[in-house]
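Data first, discussion second: the structure below is written as structure tokens.
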Amino acid sequence: MTDRTILVVDDESMIRDLFRRFFEQAGYSVQTAESAEEALEMVRETPIWVLFLDLNLPGMNGVELCRQIRRSWPMAIPYAVTGYASLFELSSCREAGFEDYFTKPVNLDDLLQAAENAFGKLERWKER
Amino acid sequence: MKILVAEDDLTTRTLLSGVLTRWGYEVVPADDGRQAWERLQEPEAPQLAVVDWVMPEMSGPELCRKLRAQERESPLFILLLTSKGEPQDIVEGLEAGGDDYLTKPPDNEELRARLNAGRRMLELQAALAQKKKLQGVLEMAGAVCHELNQPVQSVLGFSELLLMDLSPADPGYDLLKNIKIASERIGMLTGRIMKITKYRTKEYLAGVGQIIDINEASEPEGGPELLAHKEA
């Protein structure tokens, strides 16, 4: 069984709190970071395979964070969640390695679906 | 359409005014440069001006220079009238801010054609200004939407979280559901506005100007939608 931990990166504490409560209620364990730099430090310590990244972060943005994570952990499955849809193009997010892209406000059910898909994939990959 | 005729010679001014009135212009006369300047400072001043080169108080080119140094609310097309045919004069007049020139006495057909060209230029400038204004409004709307999405995410998400814990029989359930539906609608609206890549406008009321038609403008350009909202 894959470790069911999700990393949520968002600079707004209310959003981190929301996602944490929601995913914990759904049975996942949740780590949060408020910047890309903090997130990188955390995954270097212990890799986390499913991630929800805000794109418009202070300092390093979410696209660059995704790129770095995918370079070091190619099996990681990062999702973009952004309020700035026109600032970050879907194509450049895919290019950076995002699995999918959600525009805020997003229904929590959609995020749960995404998390379940991701862990399903990870399970399948492990069986190879 | 209003047109300023700045000409100190009464005969020429009367002749010009007669022709222009016949063509449907509303003539605003001025008999020297100073008066011309004053007429052009009034509210709803003409946007077309036929200006004589040599005038008392202020010459044509001088008037041009003064007008061009001014920040004007609406564009102005200046047709200079010259009785001199010297090439450097023409250069001087255009450099001073004249848009075109005619040698006196002007040929009527040529005058009409040049004024028509001037009107086309004014229309183009007005269209451009309108476009810039709309662009600015859109950029503003987009920025506001971006900022709104964060708090709307919280309202939507937390109401969803609360709904999970409530039984549909709970009196608060329907109220909470309304909050959720309303926040989804805000999200759809901001999403639409942000998807604007090409905007179109529709005539709101003739003369009043144009408004942005969000429904038209946010028509998807094809390709997958970034976010498919579930029907509430």
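Between A:Arg71 and A:Asp3, the C-beta separation translates, for a Förster distance of 30 Å, into a calculated FRET efficiency of about 0.90. Near B:Thr103, the amide H atoms lying under 5 Å from its own belong to B:Thr82; only residues 5 or more places off or on other chains count, and H is placed 1.01 Å from N. For a paramagnetic label modelled on B:Trp23 (point 7 Å from Cα along Cα→Cβ), amide N atoms under 14 Å away belong, within segment B:38-53, to B:47-51. Place a point 7 Å from Cα of B:Met164 in the direction of its Cβ. Which residues in segment B:180-194 have their backbone N less than 18 Å from it? Once the point is set 7 Å along Cα→Cβ of B:Met164, B:180-181, B:184 turn out to lie under 18 Å by backbone N, inside segment B:180-194.
Computed on segment B:1-104, with alpha-carbon pairs under 8 angstrom and 6+ residues apart, the relative contact order is 25 percent. Please compute the contact order of segment A:1-100 in relative form: average sequence separation of alpha-carbon pairs under 8 Å and at least six residues apart, divided by the residue count, as a percent. Value for segment A:1-100: 25 percent. Computed over chain A, the per-residue total of -39500 (n - 2.57) for DSSP H runs of n ≥ 4 gives a 222 nm mean residue ellipticity of -14500 deg cm²/dmol, rounded to 500.
Under a 5 Å amide H cut-off, with hydrogens placed 1.01 Å from N, A:Thr32 pairs with A:Val8 among residues at least 5 apart or on other chains. Please figure out what share of the DSSP beta bridges in the protein assembly as shown is antiparallel and state it in percent, rounded to the nearest 5. Of the beta bridges lying entirely in the protein assembly as shown, close to 10 percent run antiparallel.
The phi torsions of segment B:158-173, fed into the Karplus equation with coefficients 6.51, -1.76 and 1.60 and a -60° offset, translate into couplings of 5, 5, 5, 4, 5, 4, 4, 8, 9, 7, x, 7, 5, x, x, 4 Hz, rounded to whole numbers, with Gly and Pro shown as x. Applied to segment B:56-65, the Karplus parametrisation 6.51 cos²θ - 1.76 cosθ + 1.60 on θ = phi - 60° returns per-residue 3J(HN,Hα) values of x, 6, 7, 6, x, x, 4, 4, 4, 4 Hz, with x for Gly and Pro.
A short reminder: the numbers here are calculations on the coordinates, not readings from a lab. In this text the structure is predicted, and so the values were computed from the model without any measurement. Cβ: placed from backbone, ideal geometry, glycine included. Neighbour counts: every protein chain shown.
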